[in-house]
Amino acid sequence: VILVMEAFTDWHSPDQIVGASAEQVRIAVAELSGLASKYWNTPPTEEFLWLKKADDEAYDTLAPDYAACVPILLERFAADWPDQANTTLEMVSGNYSDIRQAILNGTQVLSHWDFRVENLFFGSDGAFAVIDWQLMHMDNPANDLAYLLATNVEIGLRREIEADMMALYLQGLRERGIQNYGLAELVADYRLALLSISAIPVIGGANADIGNERSYALFSTLGARLLAAIEDWQATEVIPGLASGGNSRA
């Protein structure tokens, strides 16, 4: 085992509850396209065969864990969330296996899978670093983008900058040689990713110590932001097509 350490002296990691600024998001998204394009729809080389895929047995418990956690989560946070939270989360919960299968059937890229601002560090000279890589695996091309924007940015700001950030992400992909992936494909993957990433605040929020003031505020805020994004993008409308075996991009 090798432990590599680096001192981030004078760097800044934002508070996720407060949320990232537009400039911080811009820096992160510009870098994110580099991560996604590295193994775009291509299995990693033999050196990296240890990387998990979306169907790895490690994720077999996600759907039952999700279902078990939804009632606990709603009991804890429903008062803080929109009226449709119950319907939305139960719909996603009942179809989570189909959501993950749709991701497996689509384009696969290297995903950090916890691309939140408290794992991101910003230097005064524009330098950027990401920590906490233990969840990385092959997943949806929009997964990290959706998680960053939908749970780490204040709702009003997310709505203001979302289209520009999607365009920036696509620009970064094109600059790195990904030419056959446009806005229509990104929007379809983004809507699917919003449903998939809900497992993080659902399972995390149901198991968090809500006696801790910050812990309660964090998961309440994450859930409210993500539910707003799911509603804005009408993401649950893709679910009937998944259950019938349809393509998530239809």
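Here are the numbers for the structure shown:
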| item | result |
| --- | --- |
| Cα-based shape type of the range 168-250, given that a ≥ b ≥ c are square roots of the gyration tensor eigenvalues and the cut on a/c is 1.5 | oblate |
| Fraction of accessible area attributable to carbon and sulfur, the chain (%, probe 1.4 Å) | 51 |
| GNM flexibility winner over the chain from Ala28, Ala217, Ala188 (Cα, springs under 10 Å) | Ala217 |
| Formal net charge of residues neighbouring Ala235 (Cβ-Cβ distance under 12 Å; K, R +1; D, E -1) | -3 |
| Where the range 20-179 is the region considered: accessible area per residue in Å², 1.4 Å probe | 46 |
| Cα gyration tensor category, rounded, prolate or oblate, for the range 1-135 with a/c compared to 1.5 | oblate |
| Listed residue (Leu195, Met165, Ile239) projecting farthest to the positive dipole end of the range 132-250, Cβ model | Ile239 |
| For Asn41, residues with placed amide H under 5 Å, excluding near neighbours | Gln108, Val109 |
| Around Asp139: net Lys/Arg minus Asp/Glu count, Cβ-Cβ under 12 Å | -2 |
| In nm, spacing of pseudo-spin labels at Ile131 and Leu183 (7 Å Cα→C-beta vector) | 3.8 |
| For the chain, built as a Gaussian network whose Cα springs stay under 10 Å, the top-fluctuating residue of Glu57, Glu47, Glu154 | Glu47 |
| Per-residue HN-Hα couplings for the range 123-138 [Karplus 6.51, -1.76, 1.60; θ = phi - 60°; Hz; x = Gly/Pro] | x, 5, 9, x, 5, 9, 9, 10, 10, 6, 9, 5, 9, 4, 6, 7 |
| Electrostatic dipole magnitude of the chain [Cβ: Lys, Arg +1; Asp, Glu -1; Cα centre; debye, to 20] | 440 |
| Net charge contributed by nearby residues that have their C-beta within less than 11 Å of Asp114 (K/R +1, D/E -1) | -2 |
| Percent antiparallel among DSSP beta bridges (both partners in the chain, rounded to 5) | 90 |
| MRE, 222 nm, helices only [DSSP H, n ≥ 4, -39500 (n - 2.57), over the chain, to nearest 500] | -17000 deg cm²/dmol |
| Efficiency of FRET between Ile17 and Glu90 - r from beta-carbon atoms, R0 35 angstrom, step 0.05 | 0.85 |
| Förster radius 22 Å - calculated FRET efficiency between Asp232 and Ile72, Cβ distance, rounded to 0.05 | 0.30 |
| Mean Kyte hydropathy of 0.5 or more with a Cα span along the axis of at least 18 Å, helices from DSSP in the chain | 62-77, 183-196 |
| Loop-located chymotrypsin sites (Phe, Trp or Tyr not before Pro) in the range 20-64 whose Cβ has at most 10 other Cβ within 10 Å (DSSP) | Trp50 |
| Mean-position separation - Cα centroids, the range 45-70 and the range 197-241, in angstrom | 19 |
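The values are calculated or read from the model by the stated rules, or taken from the named source; none is laboratory data. Quick caveat: nothing in here was measured; it's all calculated off a predicted structure. Backbone-built Cβ (ideal geometry, glycine too); neighbour counts: all protein chains shown. The protein model used for the area step is the full one, side chains on, heavy atoms only, and it has no ligands, DNA or RNA in it. Shrake-Rupley method; radii C 1.70, N 1.55, O 1.52, S 1.80 Å.
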